[in-house]
Structure formats: C-alpha cells, structure tokens
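K.L.:
The following block contains the structure, expressed as structure tokens.
The values are calculated or read from the model by the stated rules, or taken from the named source; none is laboratory data. Being a predicted model, the structure only gives us computed values, none of them experimental. Here the Cβ positions follow ideal geometry from the backbone for every residue, glycine too, while neighbour counts run over all protein chains shown. What goes into the accessible areas is simple: the full protein's heavy atoms, side chains included, and nothing from ligands, DNA or RNA. Shrake-Rupley method; radii C 1.70, N 1.55, O 1.52, S 1.80 Å.
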Amino acid sequence: GLMRRTSLPQNGGMLFVFDAPEVPCMWMKNTLLPLSVAFLDASGTIINIADMQPLSEDTHCAARTALYALEMKQGWFAERGIRAGTKLRGLEKVAPR
C-alpha cells in the first residue's frame, strides 16, 4: 500500500478492488502522507470522499456498500471538481471476477 511512502507522483495513488461489495473502512497507521479516499460502487460512481491525516488510526468508511476505494494525495479530488456522484470510467477493466 501507501504506508511509509514519503512521496507520490502527481497523479499517483492506490486503487483497492474488493472481492464483493462491502462497507470498507480505511485508516492511516504508518502512512506518512495526507490522503483523500473515494469510495465507489460497482458502476464506478463515487459514494463519498474522506480526507485522512497522516499516522492517524481514525477510520474513514464508505457511506454504503462499495466495490472500490481510490486513495490519492489529499485534495486531489477537490482540485479536479470530483465529488460524490461523479462516475469514474475504466473500472470495468479491474472489476473482480
């Protein structure tokens, strides 16, 4: 994952693909960079986005069942006008089988 990293490329991040829809929660233990996480449903629509602080054990959960979580540098989504309800394309290529 992104634990212990000290930098990320400008558009770098991490996509989590769950085996089945669930209500996932993320935390930042051992993660040094401030991140934002977007939880997405099976259609690629963003359910909610949460900002997460480095080294925090606070949990940040999807507001309902999600199939994906996308972690990016904190503020990445906001800077691009991406918010809850936005549909991301291309996730069908990484959908669980």
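K.L.:
Please enumerate the residues belonging to region 66-89 that are assigned to a loop (DSSP other than H, G, I, E, B), open to solvent by less than 70 Å² (accessible area, probe 1.4 Å), over 28 Å from THR6 (Cβ atoms) and touching a residue at least 40 places away in the same chain (Cβ under 8 Å).
P.N.:
GLY85, THR86
K.L.:
If I ask for residues that are open to solvent by 60 Å² or more (accessible area, probe 1.4 Å) and either touching a residue at least 60 places away in the same chain (Cβ under 8 Å) or under 23 Å from THR6 (Cβ atoms) (or both), which ones from region 32-55 would you list?
P.N.:
LEU32, ASP51, GLN53, LEU55
K.L.:
Right, here's the next one. Looking only at region 17-62, which residues are acidic (Asp, Glu) and under 12 Å from the mean Cα position of the chain (by Cα)?
P.N.:
Passing the criteria: ASP41, ASP51.
K.L.:
Same structure again: Quick check: is even one residue across region 15-31 surrounded by 13 or more Cβ atoms within 10 Å (Cβ to Cβ) and basic (Lys, Arg)?
P.N.:
Checked region 15-31: no residue is surrounded by 13 or more Cβ atoms within 10 Å (Cβ to Cβ) and basic (Lys, Arg).
K.L.:
Hey, another quick one. Go through region 28-65 residue by residue and tally those that are assigned to a loop (DSSP other than H, G, I, E, B) and within 25 Å of ALA95 (Cβ to Cβ). Let's see the steps before the verdict.
P.N.:
First, pick out the residues of region 28-65 that are assigned to a loop (DSSP other than H, G, I, E, B): 28-34, 41-44, 53-59, 62-65.
Remaining after also requiring within 25 Å of ALA95 (Cβ to Cβ): 41-44, 62-65.
The total comes to 8.
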